[in-house]
Amino acid sequence: MPTETINAEASGTVTLGDLPVHRLGLGAMRLTGSAAFHLGTPSDRDRSLGVLRRAVELGVNHIDTAAFYFSALRSANELINAALAPYADHLVIATKVGPFRDWSGEWATAARPDQLRGHVEENLRQLGRDHLDLVYLRRMNQASIAEHFGALAELREAGLIRHLGISAVHPQHLTEALRIAPVVSVQNRYGLDAPYPEGQELLRMCGERGIAFVPYYTVAGEGGERGAAEARQDEEVLSVARAHGVSPAQVRIAWILHQGPHVLAIPGTGDPGHLAENVAAGALHLTADDLNRLNAVRAGNA
């Protein structure tokens, strides 16, 4: 399947609150280096800037980032600012707060509710924005997210944030957040290789409530946090890929997009070739037989 001529528009459109975005977006974490966060080799700056600009040329209008996406020499937010500012009106930048890292790159404890304003302002500064389109509260093992999400809701009322989302949550946290303020999207692990039962329930809940569901590590699977793509490829995935003349990663992305019209994909890459392949996956149509075989793969991984 040719890739360079396929635009992200082919993946369809979802509305995040009042912001329409193509269902195939870009995750910014891998722009900073060869592995997650401060591990591995820092990226080539010009190459990362080129990936961002090419993504927009290919119709990507939804980029997912965070202030804690940085390596020894690279910051995802700074790269986005340098490559894309002044931002096009149709471009949606989503970020997240909750976890944070100290100057050395080591993880600190989760932010307190009273620290979240400072973290939102840091994202504003790095991105060069006067407000943030979408901010996720990424849960850090709290039993309740009410106090943290309430703090972000206040920043939304103050005009620093346009829309709110939640990340790394269980179904009860979505119910909890909706009692406080509108939630336009939920970001959680979900994919063929991710045996997280809460993801299936959140997928259903979001569909019923008109909320976007944005899985992460859909390609990397269990290796995601270590920055390494899943080495093991199920034979069924390989078979479907061969039948369509595409890569296994494209099959995994397409499978995610087939889970419902409210589902988005944000595969991350710092490689221009992989970017084009990821965007092209938004146009890949899987047959009913393909989906049955792939669903069996996920059932086996659960």
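Rule-based calculations on the coordinates, nothing more; no lab input. All of these numbers come straight from a predicted model, not from anything done at the bench. For neighbour counting, all protein chains shown are included, and Cβ atoms are generated from backbone atoms with ideal geometry for every residue, glycine included.
Structure summary
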| item | result |
| --- | --- |
| His90 paired with Glu147, simple spin-label distance in nm, labels 7 Å along Cα-to-beta-carbon | 4.4 |
| Tilt relative to the chain, helix 146-157 - C-alpha long axis, 0 to 90 degrees, to 10 | 80 |
| Length released on extending from Glu121 to Asn7, taking residue separation times 0.36 nm less the Cα-Cα span | 37.7 nm |
| Theoretical ellipticity at 222 nm over the chain - DSSP helices of four or more residues, -39500 (n - 2.57) apiece, nearest 500 | -11000 deg cm²/dmol |
| Cα-based convex hull, region 59-207, per residue volume (Å³, whole number) | 136 |
| Virtual paramagnetic centre 7 Å along Cα→Cβ of Ser239, amide N under 20 Å, in region 261-302 | 285-302 |
| Full-stretch length increase - Leu291, Leu178 - with 0.36 nm per residue and alpha-carbon distance subtracted | 37.5 nm |
| Relative contact order computed over the chain (Cα-Cα under 8 Å; 6+ residues apart), in percent | 21 |
| Folded to 0 to 90 degrees: helix 45-57 orientation relative to the chain principal axis, Cα | 70 |
| At 0.692 mPa s and 37 °C, Stokes diffusion of the chain via Kirkwood alpha-carbon radius, µm² per second | 171 |
| Degrees, to the nearest 10: 235-244 long Cα axis against longest axis of the chain | 80 |
| Ratio of the Cα radius of gyration of region 18-107 to 2.2 N^0.38 Å, where N counts its residues | 1.07 |
| Segment Ala158-Gln200, length gained on full extension (0.36 nm per residue, minus Cα span) | 11.7 nm |
| Projected label distance in nm at Arg47 and Met140, using a 7 Å step from Cα toward the beta-carbon | 3.2 |
